[in-house]
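This report refers to the structure that appears directly beneath it.
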Amino acid sequence: MSVLERLDKIHLWHPFTQMKEWEEEEPLIIERGEGSYLIDIHGRRYLDGNSSLWVNLHGHRNKALDRALEEQLGKIAHSTLLGLGNVPSIELARMLVEIAPEGLRRVFYSDNGSTAVEIALKMSFQYWRQTEKRCRRKLFISFSGAYHGDTVGAMSVGDIDIFVGRYSPLLFRTLKAPYPYCYRCPLEMSYPYCGLACLHVLEDILRKEHSRVVACIIEPSVQGACGMIVSPPGFLKGVREITEKYGIPLIADEVATGFGRTGYMFACEEEGVVPDIMCLAKGITGGYLPLAVTLAKEEIYRAFLGRYDEFKALFHGHTYTGNPLACRVAIENLRIFKREKVLERLKPKIRLLSELLEGFRGLRYVGDVRYKGLMAGIELVEDRDTKKPFPPSKRVAYRVCMDARKKGLITRPLGDTIVIMPPLSIKKRELKRMIGILYELISGL
Ligand code: PMP
């Protein structure tokens with residue numbers, strides 16, 4: 001074992017990781033990156049199958065992004081947004097507003113997806129407090145299987161038991177509507193015969209509770225962490241129509257789906273949905289630096305205006321809010337989208353991925369195959385007829401991912417769902433190789 005491997009085991013505490021297991025295994029330590037590849041300290045190359053946790057868009061060591069960062073370093077690395085402006089944060093805000101769904105004109109910066117969500121929750125809560133007399137609203141509506149991050153507010157609107165269950169005494173109460181995980185329908189119905197019955201449940205909740213509801217938060221189009229659950233056509237639009245009918249702000253958490261991941265710049269675009277608040281992070285810097293944004297409609301922003309001593313301001317902010325390096329690289333990310341026609345050039349790759357994935361459907365342990373854009377999941381089950389999952393102790397998808405490493409592919413499962421989320425810049429032959437490795441391993445189970 002190298003010195004680095006030993007020191008990692010002695011000093012690090014890795015996120016979402018059973019460290020006992022980590023201490024017993026050989027750690028993989030990345031030293032460099034190049035295009036779609038990660039390169040470890042021994043010089044071994046791996047395809048980056050989950051875009052370094054869903055963030056990398058244009059490849060590692062992208063020349064334009066590297067150059068943008070270097071250029072900004074020649075000016076300033078950081079200055080605060082508390083009481084000061086900085087050049088890249090203003091330019092980026094303008095660019096984001098131009099591409100965001102219409103009406104989202106205010107940009108509030110933070111540095112990760114969880115805080116972008118936390119801010120959306122506080123923003124919507126305070127909005128009502130400052131616009132409604134005798135406001136009783138304190139309930140958020142979120143969806144079954146939701147994941148919005150790991151901070152306390154984000155966990156409160158989350159619904160993945162192993163992540164949030166043990167913290168439940170700390171969390172605030174939310175109302176849960178069913179998300180259309182059609183392979184395992186929470187209403188035990190079948191799409192399309194159900195007529196999107198999950199929307200009726202949402203409407204029932206709002207009919208009864210709307211005067212106590214602050215906002216509804218959703219992962220539009222795809223629930224990522226729950227296992228790449230793709231919602232059927234009409235669902236997101238339906239959620240927007242119902243929330244609009246009852247005057248409830250809709251928060252679109254596009255942390256995972258934003259920036260081309262689903263084939264659209266933002267997933268909301270596909271059904272022409274305009275949320276009241278939108279959370280962005282992950283791909284915003286092309287996977288280079290931590291940065292997040294909570295975009296809000298002007299109407300929400302205006303509710304925070306007043307005399308200083310009315311204390312209506314949004315008392316929230318982080319030390320690195322609007323960091324110039326991160327904003328500058330995010331600007332370059334957006335320029336690449338334009339200059340290189342990224343969304344247009346994605347189309348054949350999306351088609352190829354879907355064709356390749358369809359080939360998994362007949363395999364013995366493949367229960368479901370779900371994909372949208374370059375965001376996909378293969379759910380493994382013990383019994384396809386009954387959809388019975390494998391016992392968690394078997395860690396089937398995890399073992400597939402560990403074996404994939406030996407063949408030069410890195411990805412990480414979500415439960416027994418294998419995630420496929422390559423950089424948008426992946427080449428077709430790399431995509432074929434990636435899926436080929438998984439096919440070989442899954443068909444050999
Ligand atoms: N929202 C969604 C939809 C996510 O997928 C994630 C991260 N996977 C988050 C929020 C939290 O983002 P972060 O890890 O940057 O805090």
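The values are calculated or read from the model by the stated rules, or taken from the named source; none is laboratory data. In this text, all values refer to a predicted model and were calculated from it rather than measured experimentally. FYI the Cβ positions are ideal-geometry reconstructions off the backbone, even for glycines, and counts take in every protein chain you see.
Things to note:
- Residue that is in contact with a Phe, Trp or Tyr (Cβ under 7 Å, 6 or more places away or on another chain) and among the basic types (Lys, Arg), where the choices are ARG45, ARG32, ARG6: ARG45
- Failed criterion for PHE172 (all others in (1) part of a loop (DSSP other than H, G, I, E, B); (2) within 30 Å of ILE378 (Cβ to Cβ) hold): (2)
- One residue alone among LEU305, LEU314 is without any contact (Cβ under 8 Å) to a residue 12 or more places away in the chain and more than 19 Å from the chain's Cα centre (by Cα), and that residue is LEU305.
- ASP48 vs. criteria among the acidic types (Asp, Glu), at pLDDT 95 or above and within 21 Å of the chain's Cα centre (by Cα): yes
- As a summary of the residue check, ALA397 satisfies the conditions (1) in contact (Cβ under 8 Å) with a residue 40 or more places away in the chain; (2) under 17 Å from ILE229 (Cα atoms) except for the one numbered (1).
- Single unsatisfied condition, ASP204 versus (1) touching a residue at least 12 places away in the same chain (Cβ under 8 Å); (2) part of a helix (DSSP H, G or I); (3) not basic (Lys, Arg): (1)
- Cβ pairs under 6 Å, 6+ apart, first in the stretch 149-172 and under 17 Å from ALA281 (Cα atoms) and touching a residue at least 60 places away in the same chain (Cβ under 8 Å), second part of a helix (DSSP H, G or I) and within 13 Å of the ligand (Cβ to nearest atom): GLY149/GLY113; GLY149/SER114; GLY149/VAL117
- Residue match in the stretch 321-339 (condition: of a type in the set (Asp, Glu) and either surrounded by fewer than 20 Cβ atoms within 10 Å (Cβ to Cβ) or not in a helix (DSSP H, G or I) (or both)): no
- Residues located in the stretch 400-422, provided they are in contact with a strand residue (DSSP E or B) (Cβ under 9 Å, 6 or more places away or on another chain) and not in a loop (DSSP other than H, G, I, E, B): VAL400, CYS401, ALA404, ARG405, LEU409, ILE410, PRO413, LEU414, THR417, ILE418, VAL419, ILE420
- Filter result for TYR179 (surrounded by 15 or more Cβ atoms within 10 Å (Cβ to Cβ), touching a residue at least 60 places away in the same chain (Cβ under 8 Å) and not aliphatic (A, V, I, L, M)): no
- Selection status of SER425, outside any loop (DSSP other than H, G, I, E, B) and not assigned by TED's automatic domain parsing to the domain that holds PRO220: no
- Residue count, the stretch 1-26 (criterion: in a loop (DSSP other than H, G, I, E, B) and not charged (D, E, K, R)): 9
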